[in-house]
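These notes are about the structure you will find just below.
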């Protein structure tokens, strides 16, 4: 974990109060915190830093719906989804490049929620001073951290049945790993001070959290009150296995969030919206990007992810 990340951190267990974390005994290598603890002087919570990754998830954080993301098979699938174009796979999509192209250069820091194995964070390193990628999956953020340190990775992908092959990639020269950090955190209880980020991004998180409205609130809280960008993309594949229908932000015929999810989120965050105490956003571009998930060489999922870009 980078030292400059510390200035942004607060205790997620104390939210909505914003209490600082102090660094306890630690081991530092190459100027970064490799092992140690982050301690809250108010509630007494201790958050570990292991192999350079801080785990900033409150004890009551909901991890059960995300357990599938800890498996080697799913990790391999997401590595292919993020980086297949870097090793020339003809089936790769350009989704992450297209999403990154929606963001203007940023003064200050960018927050990438749902960073998974890090592609969007690395893309954004060419446009800002610091990118902090967060994900609830320790498997994902630990692998993203390894890519950050080594600037390359070799991993296995499934071809058919028990057969597999190895793929390798290197980060692009224009990306700057020195500007990137990864932490494990809950997108509905972000461990960052209010108004910290010049850009907040949510990539395919809304339909994967049991508290989508809280995630939108947290994005708005973490962003600067002025001179900020918000980028949100999602396929809105609502699932009762992840979130109760009464908490969905769309996909229902009646109630506060009847209709399409992207329309409802735009209404929530725009002028005259329904998020009190949050400065409103001006909705800019809307659109959709196709992206792929590869399960094996004969089985792909083609997903249309709708996006919204806003500024304030």
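Quick notes
- Considering the conditions (1) under 24 Å from residue 90 (Cβ atoms); (2) without any contact (Cβ under 8 Å) to a residue 40 or more places away in the chain; (3) surrounded by 18 or more Cβ atoms within 10 Å (Cβ to Cβ), residue 169 is excluded by exactly one of them, (2).
- Selected residue (only one of 240, 226 is loosely packed, with under 15 Cβ neighbours inside 10 Å, out of contact with any strand residue (DSSP E or B) (no Cβ under 9 Å at 6 or more places or on another chain) and within 25 Å of residue 109 (Cβ to Cβ)): 226
- Residue check, residue 112 surrounded by 17 or more Cβ atoms within 10 Å (Cβ to Cβ) and touching a strand residue (DSSP E or B) at 6+ places or on another chain (Cβ under 7 Å): yes
- Some residue of region 195-210 being surrounded by fewer than 20 Cβ atoms within 10 Å (Cβ to Cβ) and more than 28 Å from residue 148 (Cα to Cα): yes
- Filter pass, residue 96 being touching a helix residue (DSSP H, G or I) at 6+ places or on another chain (Cβ under 7 Å), buried (at least 18 other Cβ atoms within 10 Å of the Cβ), within 28 Å of residue 229 (Cβ to Cβ) and at pLDDT 95 or above: yes
- Of all residues making up region 244-296, the number that are more than 22 Å from the chain's Cα centre (by Cα), surrounded by 15 or more Cβ atoms within 10 Å (Cβ to Cβ) and closer than 30 Å to residue 75 by Cα: 2
- In the set 17, 39, 32, only one residue is exposed (fewer than 12 other Cβ atoms within 10 Å of the Cβ), in contact with a strand residue (DSSP E or B) (Cβ under 9 Å, 6 or more places away or on another chain) and more than 30 Å from residue 294 (Cβ to Cβ); that residue is 17.
The values are calculated or read from the model by the stated rules, or taken from the named source; none is laboratory data. Not measured: the values here are computed from a predicted model. Here the Cβ is made from the backbone with ideal geometry for all residues, glycine too, and neighbour counts use every protein chain on show.
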